[in-house]
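The values are calculated or read from the model by the stated rules, or taken from the named source; none is laboratory data. Here the structure is a predicted model, which is why all the values come from computation and not from measurement. So basically every Cβ, Gly included, is an ideal-geometry build from the backbone, and we count neighbours across all protein chains shown.
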Amino acid sequence: MQRLLVTGGAGFIGSNFVRYMLEKYSGYFIVVYDKLTYAGRLENLQDVAEKFAGRYAFVQGDICDGAAVEAALAEYQVDTIVNFAAETHVDRSLMEPGAFIQTDVFGTYVLLEAARKLGLERYHQISTDEVYGQVLVDRSKETDNLKPRSPYAASKTGGDLMVLAYYESWGLPVTITRGSNNIGPYQYPEKVVPLFATNAMDDQPLPVYGDGLQMRDYQYVIDHCEGIDAVLHKGQIGEIYNIGTGEEMTNIEMTKIVLATLGKPESLIRYALDVSKLAGLGWEPSHSCAEAIEKTARWYAENEWWWRPIKSGELYKAYYAEQYGKRLGVGSRG
Ligand code: NAD
Ligand code: DAU
């Protein structure tokens, strides 16, 4: 295995992987095959193209285009495909699921078919821990049931199952790695860490979804590349390997680290509910937060007839003493 086709190699993890492999293995030749979607950027590989000019080539192409894939494999006498190419942003998969099914499922099939026809030595699929779905207790094992929850995760699951089907049906020498959240250089600033770091630098609010208590295993991208390298060289054919730190932290903890690193105040944190689901039904709020607060305060000022009898009743006074007495220094529990 010395001549790789790295699909999606102009994206975040792919470009880090190409640089890592060319630096580590002097005998390797790498062809990056990439459609250059909004997430694929040649500047991610600019230094690679200069430093490894004799051992690196770039082909612009779509993994859904079988003829173009086969032509690239033949022209560069590729023996191994490492497939990073995918639509990757969960939030976008809620806006345009079709693009995810096309690239992440159909595109994977096209690559597998080409690998089978040309008798490649290895097909390696870059997958994600999102295929396991929500993990409430313990940790996901490679043998766990797959319960994807977003169109992105469902498409990646479809891709994985097709890879395994090619192994079972034709003995194609495949391996799969399932990584947790990668972070590091060249990540498109739609993913949370680069989004928050860049917002903070511009003193813009950091929109934390919900209560910020969702847990993620944020791993450094080079650790992920080393894991893929280990599976390519030492992994068993037909097997799946999870890659992550094994640690987790909440989004709010992550956000505080970003702010502390950049010397920015925690006042930039904004807890934000994602209301796009309801907005899809045509709903939108008519009041801003400030308008809602002002309107409400005014109503109480103008409607004493309504709340004074409630607050002067014995039931209310007892409740108030119980709940706030200690804190405010009034009531029976002082
Ligand atoms: P990215 O969005 O930064 O890059 C994706 C790359 O794929 C881009 O260069 C894009 O141009 C290319 N691409 C998209 N559709 C294509 C098509 N039809 N044909 C050819 N190229 C196409 O993604 P990333 O974060 O680097 O993720 C790479 C892979 O790793 C994906 O398969 C993703 O599912 C997986 N993964 C990502 C993470 C993460 O945290 N980012 C974690 C685990 C697994
Ligand atoms: O787990 C691996 C997956 O990690 C990869 O397969 C995906 O390709 C990659 O995008 C990533 O998915 P996530 O949905 O976990 O990543 P994202 O950076 O979009 O969000 C991380 C967490 O941060 C998630 O709980 C949602 C939250 N979030 C995200 C954004 C963009 C916010 O609170 N605010 C935001 O603005």
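Identify the residue in the range 155-196 that is within 14 Å of ligand 1 (Cβ to nearest atom) and free of Cβ contacts under 8 Å to residues at least 12 places away in the same chain and, among all such residues, is nearest to PHE100 (Cα to Cα). The extreme case among them is PRO189.
Residues are listed down the side, and each one gets a yes or a no for (1) more than 13 Å from ligand 2 (Cβ to nearest atom); (2) over 25 Å from VAL18 (Cα atoms); (3) crowded, with 18+ Cβ neighbours inside 10 Å:
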| site | (1), (2), (3) |
| --- | --- |
| LEU172 | yes, no, yes |
| ASN181 | no, no, yes |
| LEU206 | no, yes, yes |
| VAL221 | no, no, yes |
| GLY227 | yes, no, yes |
| GLU253 | no, yes, no |
| LEU259 | yes, yes, yes |
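Scan the range 23-30 and give yes if some residue there is more than 26 Å from TYR109 (Cα to Cα), in a helix (DSSP H, G or I) and more than 21 Å from the chain's Cα centre (by Cα), otherwise no. Within the range 23-30, one or more residues are more than 26 Å from TYR109 (Cα to Cα), in a helix (DSSP H, G or I) and more than 21 Å from the chain's Cα centre (by Cα).
List pairs: first residue in the range 294-321 and among the hydroxyl-bearing types (Ser, Thr, Tyr), second residue exposed (fewer than 10 other Cβ atoms within 10 Å of the Cβ) and in a helix (DSSP H, G or I) anywhere in the structure, Cβ distance under 7 angstrom, at least six positions apart or on different chains. Correct list of pairs: TYR316/ILE310.
Of the residues TYR38, TYR20, which single one is at pLDDT below 95 and out of contact with any Ser or Thr (no Cβ under 6 Å at 6 or more places or on another chain)? Exactly one residue qualifies, and that residue is TYR38. Among the residues of the range 103-125, those identified as within 16 Å of ligand 2 (Cβ to nearest atom) and over 11 Å from VAL174 (Cα atoms) are THR103, ASP104, VAL105, GLY107, THR108. Does LEU146 satisfy being away from ligand 2 (no atom under 12 Å from the Cβ), part of a loop (DSSP other than H, G, I, E, B) and crowded, with 20+ Cβ neighbours inside 10 Å? Considered against the rule, which asks whether it is away from ligand 2 (no atom under 12 Å from the Cβ), part of a loop (DSSP other than H, G, I, E, B) and crowded, with 20+ Cβ neighbours inside 10 Å, LEU146 comes out as no.
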